[in-house]
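Chemist: Pasting a structure here, questions to come.
Nothing in this text is a laboratory measurement; each read-out follows from the coordinates by a stated rule. This structure is a prediction, so every number in the text was calculated from the model and none was measured. With ideal geometry, Cβ positions are generated from the backbone for all residues, glycine too; neighbour counts draw on all protein chains shown.
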Amino acid sequence: MQGEQNKRKSYPVTLSACTPDKKRTTRSDFLHGVSTQMADFLKIIPFMHDEEEHWVQYSKRFYEYVSSQAELAETLLDSCGAKENRAWFFLREIVASVRCFSKVSYILRYLELRASTYDILDGETSEFKTITEDVRKLFDGMLRKGFAALEAEASDIGITIPQEGVTADDFPYFCTPGKLYADMWVESSSREEEAIVKIATSYLEIAEEYTLLGFCQIFSPERLIEMVPEHVNEERLRTFEAEVHNLQSVYDTYIGYTRMEANDARLPKLRSCVSIALHLLEIATVLVHFHERHERSSRHVDIYQKLQGITGTYQILDAMGNYALFYCTRFLQKGKQLSEEAVMDYAQITSKRIPIPMYRGFHVRPSTYIAKIARHYGAEVQMHLGDEMYDASCVFDLFRANEKINMEKRRFIAKKLISAQHIAPTDAHTLPQVIKREIKYLIDEKLLVVHQEIVPDDLLIPDLDKSLFTPEEVRGAINEVITRLLALGKIDITMPLYVTFIGDKRPLGDIAILAQSGYGEDSKGNNVPLPEQISYLYK
């Protein structure tokens, strides 16, 4: 063991050009400089010695101090090249670990203290507070192990550790002496109502996207390892964190401390769900960063094994997935019902008359886009066609509208054929030619559009038991062929047909934009780009 230490100390720890005059810095000068600049951070080590007396007294101020000093120490070590030096690399990893633990513990302590004040008082909140306290104690334990490892590694390298450290008196608990009377309420306006709908809509969109992460259940350590980073990674969690943070900012800007917030008990509860979810995402982001950077991508196996002595084998991922992301899912779901109610209560209901899709009515692409718009805003949108009503958020319900649309189209063509007085009695031999002629006439008049080639067999009427057909029977045969071609998708009937959408003005506005762009397709059903305003439909 002593031989290994001497071998490690033999690695160069001096900087060849760290002074303006380019003179070589001696080992003792280098260690003195590091010890001096890290002194405020190293003062925590003596404080951690008296564990039984102090560790239960950790306050937010303490975690904040540790985090800020660890960040300064990490920056110093990086600027000295510790990441590229085998003798100093583990020390740098310990400092990074302490920084991670203190950041997480600070947020956990905040949640622990605030849980009872959040306006979501139920049994699940009490359970969350208890589990948060347990997780915080877990990270407190990691923090103590981290400082123990820091002391051993720093001493081994030759860094001077202060004899006197910080004290518990330096980190008193935050205590509110009282609460001032609230007399700064802002009167509500239509702008606040629009903001509520915007916030609730964005909340529903984020909640739906976040649900795809799948953390509505507890995962085994092995499964969590498989999920990072392919399914869960720092980039993805930072995106969610930014979206939820923006949601909270919009709320505080337009809704916080208004009469509307005071009069609607659901709004503070929604704000609480947003706040808790944001803090949990902050924790998850810090932990997944640590795992990706310091555990999973560790450059040296021996360093990773040493870190496991501080962090445990799976505790970082377990806290990330089975605490932070799991409870984030729970609280986002809590706010989902509140958001849906807010959208309905504050939405500005209107109606719009919109043409049906030109190509095959409400088939897959138009129906999917319309349903996405309705779900994007979380609003109830109805589509009316005649005396029938359809749920615009349900793709299959929109499909159902095609039955009535095709019936109207066939009725339209039937009326056109009735008015065609030139149709005369026809024998069975020439009937296909007459059908072909009449269909060509309807195509030339732009009443029919051809999507696929019509072959001679398509014009045949099976099982004919007559040799001569009256004009009415000829019209019936033409209708039969057109109905069959329509069902096969070879033709479509062109007619001015509209539906009426009823709901909040925002989704209806986007549906109108979608219709103006041909529902994302041309007259032949080919894909066309959507306007920028509704590009979210590509997600």
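Chemist: What ranking, highest mean first, results for peptides 141-152, 215-226 when packing means the other Cβ atoms within 10 Å averaged over each residue?
Modeler: Highest to lowest by the protection proxy: 141-152, 215-226.
Chemist: Ranked by Cβ crowding within 10 angstrom, fewest neighbours first, how are 281, 113, 442 ordered?
Modeler: With the sparsest Cβ surroundings first, the list reads 113, 442, 281.
Chemist: Please give the peptides 412-424, 100-112, 501-513, 457-469 ranked by average Cβ packing (other Cβ atoms within 10 Å per residue), highest first, as a rough proxy for protection.
Modeler: Output ranking for 412-424, 100-112, 501-513, 457-469: 100-112, 501-513, 412-424, 457-469.
Chemist: Lys and Arg at +1, Asp and Glu at -1: add these up for the other residues within a Cβ distance under 12 Å of residue 409 and post the number.
Modeler: Local net charge: +3.
Chemist: Specify which residue in the list 247, 203, 224 is farthest towards the positive end of the charge dipole of segment 186-346, using unit charges on the beta carbon of Lys, Arg (+1) and Asp, Glu (-1), about the Cα centre.
Modeler: Result: 224, furthest along the dipole toward the positive end.
Chemist: Residue 479 versus residue 296, label points 7 Å from Cα toward the beta carbon: distance in nm?
Modeler: Placing both labels 7 Å beyond Cα along the Cβ direction yields 6.5 nm.
Chemist: Let's see if you can work this out: charge +1 on each Lys and Arg Cβ, -1 on each Asp and Glu Cβ, no other charges. What is the dipole magnitude of segment 186-346 about its Cα centre, in debye to the nearest 20?
Modeler: Magnitude of the dipole: close to 440 debye.
Chemist: What's the angle, to the nearest 10 degrees (0 to 90), between helix 505-516's Cα axis and the longest principal axis of the chain?
Modeler: The helix 505-516 is inclined about 60 degrees to the chain.
Chemist: Counting other beta carbons within 10 Å of each Cβ, put 351, 535 in order, fewest first.
Modeler: 535, 351
Chemist: Please list, or write none, the lysines whose alpha carbon is within less than 26 Å of the alpha carbon of residue 83, excluding same-chain residues fewer than 8 places away.
Modeler: Straight-distance partners of residue 83: 7, 9, 22, 23, 43, 103, 145, 306.
Chemist: So, R0 is 25 Å and r is the distance between the beta-carbons of residue 349 and residue 408; what FRET efficiency does that work out to, to 0.05?
Modeler: Between residue 349 and residue 408 the formula returns 0.40.
Chemist: Residues in segment 311-337, backbone N under 12 Å from the label point at residue 134 (7 Å along the Cα-to-beta-carbon vector): list them, ranges by number please.
Modeler: Label zone hits: 323.
Chemist: If I stretch the segment between residue 32 and residue 465 completely, what's the gain in nm (0.36 nm per residue apart, minus their alpha carbon distance), one decimal?
Modeler: 144.9 nm
Chemist: Given a Förster radius of 22 Å and the C-beta distance between residue 64 and residue 163 as r, what FRET efficiency does 1/(1 + (r/R0)^6) yield to the nearest 0.05?
Modeler: 0.35
Chemist: Mind checking the dipole of the chain: about its Cα centre, +1 per Lys or Arg Cβ, -1 per Asp or Glu Cβ, Debye to the nearest 20?
Modeler: Its charge dipole is roughly 1160 debye.
Chemist: Given the options 393, 358, 529, identify the residue whose Cα lies farthest towards the positive end of the charge dipole of segment 351-538 (+1 on Cβ of Lys, Arg; -1 on Cβ of Asp, Glu).
Modeler: Of the options given, the answer is 529.
Chemist: Could you give the spread of the C-alpha atoms of segment 138-267 along their three principal axes, from largest to smallest, in whole angstroms?
Modeler: Computed over segment 138-267, the largest-to-smallest principal extents equal 66, 47, 23 Å.
Chemist: Take the alpha-carbon centre of segment 281-313, take the same for segment 458-494, and report the distance between them in whole Å.
Modeler: Using only Cα atoms, the two centres lie 72 Å from each other.
Chemist: Suppose the Debye formula is applied to equal point scatterers at every Cα of segment 439-539; what is log10 I(q)/I(0) at q = 0.25 Å⁻¹?
Modeler: Here the Debye-derived log intensity ratios amount to -1.35.
Chemist: Using only helices, what value at 222 nm comes out for the chain when you add -39,500 (n - 2.57) per DSSP H run of length 4 or more and divide by the total residues, to the nearest 500 deg cm²/dmol?
Modeler: Computed ellipticity for the chain at 222 nm equals -19000 deg cm²/dmol.
Chemist: Moving on to the next point. How big is the gap, in Å, between the Cα center of segment 337-352 and the Cα center of segment 503-539?
Modeler: A separation of 21 Å, based on Cα centres.
Chemist: Please work out the Cα center distance from segment 107-173 to segment 239-276, rounded to the nearest Å.
Modeler: For segment 107-173 versus segment 239-276, the Cα centre distance is 28 Å.
Chemist: Compute the angle between helix 326-346 and the longest alpha-carbon principal axis of the chain, please, reported from 0 to 90 degrees and rounded to the nearest 10.
Modeler: Roughly 50 degrees between the two axes.
Chemist: Using only the Cα atoms of segment 351-538, what do you get for the radius of gyration and for Dmax, in Å?
Modeler: My reading of the Cα-based Rg and Dmax gives 19.3, 61 Å.
Chemist: First measure r as the distance between the Cβ atoms of residue 420 and residue 211, then evaluate 1/(1 + (r/R0)^6) with R0 = 56 Å and state the FRET efficiency to the nearest 0.05.
Modeler: With R0 = 56 Å, the Cβ-Cβ based efficiency is 0.50.
Chemist: Fewest Cβ neighbours within 10 Å first, please rank 301, 450 accordingly.
Modeler: 301, 450
Chemist: Averaging over all projection directions, find the projected area of the Cα convex hull of segment 115-171 and quote it in nm² with one decimal place.
Modeler: Result: 5.7 nm².
Chemist: Percent relative contact order of the chain, based on C-alpha pairs within less than 8 angstrom and at least six residues apart?
Modeler: Computed over the chain, the figure is 14 percent.
Chemist: Ok, one more. Counting every Cα pair in segment 186-346, what percent are over 20 Å apart?
Modeler: Of the Cα pairs, 52 percent sit more than 20 Å apart.
Chemist: Could you check how many percent of all C-alpha pairs in segment 188-241 are farther apart than 19 Å?
Modeler: For segment 188-241, the fraction of Cα-Cα distances above 19 Å is 46 percent.
Chemist: With everything on Cα atoms, drop me the angle between helix 190-211 and the longest principal axis of the chain, reported from 0 to 90° to the nearest 10.
Modeler: Its long axis makes an angle of about 80 degrees.
Chemist: Cα-based Rg (one decimal) and Dmax (whole number) for the chain, in Å?
Modeler: Final numbers for Rg and Dmax: 35.1, 116 Å.
Chemist: Could you tally the net charge around residue 200, taking each other residue with its Cβ under 9 Å from the Cβ of residue 200, Lys/Arg +1 and Asp/Glu -1?
Modeler: Spelling it out: positives minus negatives among the neighbours equals -1.
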